[in-house]
Amino acid sequence: MPDGATARAWRATIMHTPRRGAVDIVEDALVEVDAGGTIVAVTAPAAADYAGRMAAAQVAGTLERLGPHQYLLPGLVDLHIHAPQWPQLGKALHLPLDRWLTERTFPLEARYRDAEFARRIYGSMVDTLVAGGTTTAVYFGTIHRDANRVLAEICLEKGQRAFVGKVAMDDPALCPPDYRDASAHAAIAETEDLIHHIRGLAGNAAGLVRPIVTPRFIPACTDALLEGLGDLARRCGCHVQTHCSESDWAHRAVIDRLGKTDTRALADFGLMTRHTVLAHGNFIGDEDAATLRAAGSGIAHCPLSNVYFANAVLPVRRLVEGGVHVGVGTDISGGPSASIFDACRTAVAASIVLDEGSDPAKVAASRGRPGSRIDFRDAFHLATVGGGEVLDLKIGKFAPGYRFDAIAVDTMAAGGGVHVFDDVDDLEDVFQKIVYGATTANIKAVWVDGRRL
Ligand code: GUN
Ligand code: FE
């Protein structure tokens, strides 16, 4: 099995969304990738050098052809996953966020003091996410050193591009005695420890797996911890992730404590950088959005989780058109699906609900917020190119200089969710049906950095 150590090429019909609002489909494209997994050329049959390049790839014996009814799409980027909540997927969604955290989630996450438990759960989770097409994953871990190391090592071993964060949470006002950092100082030291561990992992010289500074959210952290992590983020040059203005309760709790919004407070703590991923962001206002735009920080839009916990729909179109970086997240287990395709579908549906409104007792003209809807093209763009922009990584489309992170989608797969009729559907219909219907059964191959997982 080729392992990405040599230059390779794929002959396939590619479907991607390099620009928002448009699908780019190239039948029988030739995608050439160097030994390091970087795309060097994407050539269409109409190009003058197509035949020559194809012949060279054939002679070199490095050409791979996708089967009939298979399409090459960019790998999916999940910007927001709570790895320890994997056993809770599809459970406990009847509680409001504050009770869900204290009654269900903190007790579950506390169990990862047992590294063997972590190994079993994290192995099954990464396998499932990769099989579902998630080639880049941004993870919250737990407070535990060994379990976090296990998570990073499993991602590296299985070849998934990943960011792994030690969750920092030290405030006794919210965090229980058996699941909180002993002090701000201890949480910062543990965060640094994981940064060094991940950067030093054997086989991780290219940075496939990276550390990320992870204050859980302001209500779980003391000011001293937030200040210290802001300072650490600057010193280590790491990415940062946290929750921001997710729900009425979470948004209000920060204003009541600090007299300012999440966004303003995170910026003042030095946590709002070009490499910051803010989960949810549903209640960020115009001034907050300007702060995000100026910093170059991004939002992980988690539309399915938002249905259960957020009390609102993110005005995603307004943010994107306002120049804020936005990608997509599952928020496992705040939503019951691990699939980024599901997240795309829900993002479209939620945007229509926001656009048109939802309360039939109101007259149509005052029911919604017109101008809010996005479509399947926009959603797929967010889940690929958008995620890459938030992370500042060259992923999400087929273009020279970008990583070859890709999935092969088989529209004829038995038991899949895509039903194509050649005499009814054109290729853009096929792409639309993939976004609306593809399941793990449709995903026949997954590559990261040109390496088949
Ligand atoms: N806010 C703080 N922690 C969490 C979490 O684990 N999930 C969600 N959805 N929101 C949070
Ligand atoms: Fe979350």
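Computed over the range 356-453, the percent of Cα pairs more than 20 Å apart is 56. As a proxy for reagent exposure, ranking 221, 302 by other Cβ atoms within 10 Å from fewest up yields 221, 302.
Could you pull out the trypsin sites (Lys or Arg not before Pro) across the range 265-324 that fall in loop regions by DSSP (anything but H, G, I, E, B) with no more than 15 other Cβ atoms inside 10 Å?
Numbers: sites: 274, 293, 317, 318; in loops: 274.
Here the trypsin sites (Lys or Arg not before Pro) that fit, given the DSSP loop and packing criteria, are 274.
The chymotrypsin sites (Phe, Trp or Tyr not before Pro) of the range 394-427 that DSSP puts in a loop, and whose beta carbon has at most 13 other beta carbons within 10 Å, are 421. The antiparallel fraction among DSSP beta bridges confined to the chain stands at about 40%.
Ranked by how many other Cβ atoms sit within 10 Å of their own Cβ, fewest first, the residues 249, 86, 447 fall in the order 249, 86, 447. For the chain, relative contact order (Cα pairs under 8 Å, six or more residues apart, normalised by length) works out to 20 percent. Expressed in units of 2.2 N^0.38 Å, where N is the residue count, the Cα radius of gyration of the range 215-293 is 0.99. Take the alpha carbon gyration tensor of the range 332-388, find the square roots of its eigenvalues, order them as a ≥ b ≥ c, and report rounded if a/c is under 1.5; if not, report prolate when a/b exceeds b/c, else oblate. Judged from the Cα gyration tensor, the range 332-388 comes out oblate (a/c at least 1.5, b/c at or above a/b).
Quick one: putting +1 on the C-beta of Lys and Arg, -1 on the C-beta of Asp and Glu, what dipole do you get for the chain around its Cα centre, in Debye to the nearest 20? Each step should come with its number before you reach the end.
Values: 45 positive and 55 negative charges, 65 e Å.
The calculated dipole for the chain is roughly 320 debye.
Farthest towards the positive end of the charge dipole of the chain, among the residues 445, 334, 215, is the Cα of 215, using unit charges on the Cβ of Lys, Arg, Asp and Glu. Counted by Cβ distance under 15 Å from residue 38, the other residues give a net charge of +2, where Lys and Arg count +1 and Asp and Glu count -1. Along its first, second and third principal axes, ordered by size, the range 231-345 spans 36, 31, 27 Å in Cα coordinates.
Please state the shape class of the range 259-409: rounded when a/c is under 1.5, otherwise prolate if a/b exceeds b/c and oblate if not, all from the C-alpha gyration tensor. In terms of gyration-tensor shape, oblate. Annotation: the antiparallel percentage among DSSP beta bridges lying fully within the range 295-453 is about 60.
In a simple Cβ point-charge model (Lys, Arg +1; Asp, Glu -1; nothing else charged), the range 110-179 has a dipole of about 180 debye relative to its Cα centre.
In loop segments of the range 232-271 as defined by DSSP, the trypsin sites (Lys or Arg not before Pro) with at most 14 further C-beta atoms inside 10 Å of their C-beta are 260.
Would you kindly work out the equivalent ellipsoid of the chain from its C-alpha gyration tensor and give its semi-axes, the square roots of five times the eigenvalues, largest first in whole Å? Intermediate values should be presented prior to the final figure.
Values: eigenvalues 255, 141, 75 Å².
Ellipsoid semi-axes (Å, largest first): 36, 27, 19.
With each label modelled as a point 7 angstrom along the Cα→C-beta vector, the residue 95-residue 6 pair spans 5.4 nm.
Once Rh is set to the Kirkwood radius over Cα pairs, what Stokes-Einstein translational diffusion coefficient, in µm²/s, holds for the range 49-149 at a temperature of 25 °C and a viscosity of 0.890 mPa s?
145
Here, each number is a calculation from the coordinates, and none is a lab measurement. Just so we're clear, the structure is a prediction, and the values are computed from it rather than from any experiment. Quick reminder, even Gly has a Cβ in these numbers, built from the backbone with ideal geometry, and neighbours come from all protein chains shown.
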